[in-house]
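The values are calculated or read from the model by the stated rules, or taken from the named source; none is laboratory data. Everything quoted here is computed from the prediction, not taken from an experiment. Using ideal geometry, Cβ is built from the backbone for each residue, glycine included, and neighbour counts are taken over all protein chains shown. Accessible surface areas use protein heavy atoms only, side chains included; no ligands, DNA or RNA. Shrake-Rupley method; radii C 1.70, N 1.55, O 1.52, S 1.80 Å.
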Amino acid sequence: MSDTSTTQKSETQKFVDIRHAQKSYGELEVLKDISLTVDRGEIVAIIGPSGSGKSTLLRAINDLDPLTGGEVWLDGVQINKDLPHRQYEKHINEMRQQVGMVFQHFNLFPHLSVRENVTMAPKLLKGISDAEANALAEQQLTHVGMLERIDYYPSQLSGGQKQRVAIARALAMNPKLMLFDEATSALDPELVEEVNLVMKRLAEEHMTMIIVTHEMDFAASVCDRVIFMDKGVVVEEGPPSVVFKNPTQERTKEFLRKHLSQYAESAK
Amino acid sequence: MGLDFSVVPGYLDTILLGVIWTIAITVAAAVVSFFGGILFAVIALYAPWFIRLPVRFFAWLFMGTPLLLQLFLIYFGLVELGIDLPAFVAGVIGLGLHFAVYNSELIQTAILAVDKGQMEAARTLGCSRGQALRKVVIPQAVRDVIPPIGNNMIALLKDSALVSVIGVSELTLSAQLAIGRTYRPFEFYAVAAVLYYIVNLGMEAVLRRIERKTALSR
């Protein structure tokens, strides 16, 4: 790791470190003692059947769905610290500024223009000036190819365009880590590619990314590591070439047979 | 003795001054009821019980008792407690709080109807709950209830006639004044009715404009 600030931490300290994550809704246990690490700059895909707990795990990282047990660490700081309510709110708001999140249904702010969607949080939380905010919006929207729509409202955009703006909005906070929760699942097939391209470019820029996805081709071509989850546990993980082509677990094989017919056949 | 509208022009300045006071008290009370409605809605949904319960009791009081009585209480009643409000201020407070309670019901429903992904998206960026409410949730909720709030504001305009009883010389009281001098109730009440209707039309036009302006960003 090149960052000098990491030298003070123990050598085993990973950039993202999830330790014994456990989550229950009453009797129902959706995450069962999951431990997982992600290196700085690494791109990890989490795949698995619906109800496997993959979205819950992703949402636990920035505490949108708080864990009932276990710890989440980012860059040497525990995200889900045990603090009194007020202190915890302050702490979590600071941590969330470092973690960008992109949702399946975009969740753009419909009452704000594209520009305002991108600048709202930086202006409010970082106190930057209007001029700085505009420059930031232009820079981030150029990055996702949406500069020409800067003064449109979300209702005037296609799904793919909305998602690209949502990515720009998250990047405008200059996060250390990006979480993608099925970012292309709600899109028409012909709009998926433009969002994938933006994510690929982020990957090339060595953004640390954790991607919950149903798109095996994308996971195979972009990610360094694939994690297969089922029924609240990590069943299998490894480089995509291994997990997709030579899975060792029966459950992984069964899942891939259903979701990867094309890819699996071409790989044989 | 038939109707005689020829007496009306002599009191036109009194009547028009009444129209201006009616508009003034309606606008002032509308502003109070709008922001008061947002405040009550946020308290009802998010405040701790020791704030929420007294406010709910107060809201129940304002919904369950006649507006006329509320105006008497604020203007005449509070004097006994050493609070001597000018009639106009008492009228704005009475009308404003009364309709704030009704607006609050609408805004509460609208806040709950805003997609929870909106709050999540704002929180994910690092906003506190208060910031997310202020910047993201409440602006959307308010846009959604502009049409029904507009209906409340038209009711407010009509109910503003009640403040004549505490001596605000708005349109109704001005008409009564003219009637007291001329003994021509039909003529002046009819003129007042027409003027209320015209102000009402103007108000509807303003509301439609606001609705159209906010519709684009939906």
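Could you tally the net charge around residue A:198, taking each other residue with its Cβ under 13 Å from the Cβ of residue A:198, Lys/Arg +1 and Asp/Glu -1?
Working: positive: A:162, A:164, A:169, A:200, A:201; negative: A:193, A:194, A:204, A:205.
Spelling it out: positives minus negatives among the neighbours equals +1.
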Query - In degrees, nearest ten, helix B:49-64 long axis to first principal axis of chain B (Cα) - result: 30 degrees
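I'd like the carbon and sulfur percentage of the solvent accessible area for chain A, probe radius 1.4 Å, heavy atoms only, ligands and nucleic acids excluded. List each step's numbers first, then the result.
Working: 5790 of 12250 Å².
The value for chain A is 47 percent carbon and sulfur by accessible area.
Using C-alpha positions alone, give me the convex hull volume of segment A:113-228 per residue in cubic angstrom. Don't jump to the answer; show the numbers that get you there.
Values: hull volume 12.0 nm³, N = 116.
Enclosed volume per residue, from the Cα hull, is 103 Å³.
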Report task. For residue B:7, put the label point 7 Å out on the Cα→Cβ axis and report which residues of segment B:170-184 keep their amide N under 14 Å from it. Result -> B:175-184
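Give the Rg/Rh ratio for segment B:118-211, taking Rg as the radius of gyration of the Cα atoms and Rh as the Kirkwood radius, to two decimals. Can you show the working numbers first?
Details: Rg = 21.1 Å, Rh = 16.4 Å.
On the Cα set of segment B:118-211, Rg over Rh gives 1.28.
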Query raised in the report: Using 7 Å Cα-to-Cβ label points, what is the residue B:78/residue A:68 separation (nm, one decimal)?
Result: 5.2 nm
Report task. Beyond 23 Å, what share of the Cα-Cα pairs of segment B:1-100 is found? Please give it as a whole percent. Result -> 44 percent
Report task. For segment A:95-138, state which residues have at least 20 Å² less accessible area in the presence of all protein chains than in their chain by itself, taking the probe as 1.4 Å and leaving out ligands, DNA and RNA. Result -> A:96, A:103, A:107, A:109, A:110, A:111, A:120, A:121, A:124, A:125
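Roughly how many Å² is the accessible area per residue of segment A:34-86, as a whole number, for a 1.4 Å probe?
On the way: 1980 Å² over 53 residues.
Here the residues of segment A:34-86 average 37 Å² of exposed surface.
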Requested in this report: Express in whole angstrom the spacing between the alpha-carbon centres of segment B:186-218 and segment A:133-185.
Outcome: 41 Å
Query raised in the report: chain A: D in µm²/s via Stokes-Einstein (Kirkwood Rh, Cα pairs, 25 °C, 0.890 mPa s)?
Result: 126 µm²/s
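Taking GluC sites (Glu not before Pro) that fall in a DSSP loop and have at most 14 other Cβ atoms within 10 Å as cut points, what is the longest piece of chain A between them?
Free of exposed loop sites, the longest segment is A:28-204.
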Query raised in the report: Which value, in Å², gives the accessible area per residue of segment B:5-214 when a 1.4 Å probe is used on the protein heavy atoms?
Result: 50 Å²
Query raised in the report: For residue A:14, which lysines qualify as cross-link partners when the Cα separation must be under 19 Å and same-chain residues fewer than eight apart are set aside?
Result: A:81, A:176
Query raised in the report: At 25 °C and 0.890 mPa s, what whole-number value in µm²/s does Stokes-Einstein give for the translational diffusion of segment B:177-218, with Rh from the Kirkwood sum over Cα pairs?
Result: 196 µm²/s
Report summary line: Taking R0 as 35 Å and r as the Cβ-Cβ distance between residue A:217 and residue A:147, the FRET efficiency 1/(1 + (r/R0)^6), rounded to the nearest 0.05, comes to 0.75
Query raised in the report: Looking at segment B:152-218, which chymotrypsin sites (Phe, Trp or Tyr not before Pro) are DSSP coil and have at most 11 other C-beta atoms within 10 Å of their C-beta?
Result: B:183
Query raised in the report: Under a plain spin-label model, where a point goes 7 Å from the Cα along Cα-to-Cβ, how far apart in nm are residue A:132 and residue A:89?
Result: 2.5 nm
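Tell me what chain A gives for mean residue ellipticity at 222 nm when only DSSP H runs of n ≥ 4 count, each as -39,500 (n - 2.57), the sum divided by the residue total, rounded to 500 deg cm²/dmol. Mind dumping the intermediate values first?
Working: 10 runs with 107 residues, N = 268.
Rounded to the nearest 500, the figure is -12000 deg cm²/dmol.
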**Report entry** Candidates A:68, A:184, A:252: whichever shows maximal mean-square fluctuation once chain A is modelled as a Gaussian network with Cα springs under 10 Å
**Finding:** A:68
Requested in this report: Could you please report the charge total around residue B:172, scoring K, R as +1 and D, E as -1 over all other residues with beta-carbon less than 12 angstrom from its beta-carbon?
Outcome: -1
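Mind checking Rg over Rh on segment B:5-214, alpha carbons, Kirkwood formula for Rh? Write out the running numbers ahead of the final one.
Details: Rg = 20.1 Å, Rh = 18.9 Å.
When Rh is taken as the Kirkwood radius, the ratio is 1.07.
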Query raised in the report: For chain B, what is the mean residue ellipticity at 222 nm derived from helices alone (per DSSP H run of n ≥ 4: -39500 (n - 2.57); sum divided by total residues; nearest 500 deg cm²/dmol)?
Result: -24500 deg cm²/dmol
Query raised in the report: segment A:203-254 to segment B:1-17: how many Å between their Cα centroids?
Result: 85 Å
Report summary line: Distance in nm between residue B:198 and residue A:24 label points, each 7 Å along Cα→Cβ, equals 7.3 nm
Query raised in the report: Using the eigenvalues of the Cα gyration tensor, what equivalent ellipsoid semi-axes result for segment A:60-164 when each is taken as the square root of five times the eigenvalue, whole Å, largest first?
Result: 30, 16, 12
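Could you work out the per residue convex hull volume over the alpha carbons of the protein assembly as shown, in cubic angstrom?
Details: hull volume 102.5 nm³, N = 486.
Hull volume over Cα atoms, normalised by residue count, gives 211 Å³.
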Query raised in the report: Near residue A:150, within a Cβ-to-Cβ distance under 9 Å, what is the net charge of the other residues, with Lys and Arg +1 and Asp and Glu -1?
Result: -1
